[in-house]
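Following: one structure in structure tokens, then a few remarks.
Each value in this text was obtained by applying a stated rule to the coordinates, not by laboratory testing. Note that the structure is a prediction, hence the values are computed from the model and not measured.
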Amino acid sequence: MNDEPDPGGTTPDGTDLGSFGRRLAKTAAGLFGLAVLSLMGVVLELLVAADEPFVDEPTLQDPLSGWLFLSFLTSSGLSMLAYAGWSFREQRRLRAATGREVGGPLRRFRRTLAVLRAESDDLDDYERRVELTGFSLIVAGVLLALPLSVVWPA
């Protein structure tokens, strides 16, 4: 690992943004590993539940496979949220390095939507980072929709 200080700066309360970014990256990687293990657990449980794995069609009706599948969705969604946090931090660093103006929240939101709709070949480094951050937040929302609806039913 690289032990050099990350030029991420500090927050007003003194939190080192460089170490925070590394923690977000490690959290995203760990949650992705948990997602892979959960998915392998679902597949293994479905294969064990079937008498003849390639003839029978096992389902997710079994409570164990349902919970493993929810664990997969939750860990994947949280991994994407951690990645979005890291990506947002990188986006701030690129914005500071290029000297872009920030603008108000509505202007930033409209600019983000424009970047998400734009062709990827036409984007510079900062806009590409905005695009990755936006898409990771959308994917995280989709992945977390089912687990959240199970935890907090309407």
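Between Arg117 and Trp67, the contour length at 0.36 nm per residue exceeds the Cα-Cα span by 14.4 nm.
The orientation-averaged projected area of the convex hull spanned by the Cα atoms of the range 19-151 comes to 10.9 nm².
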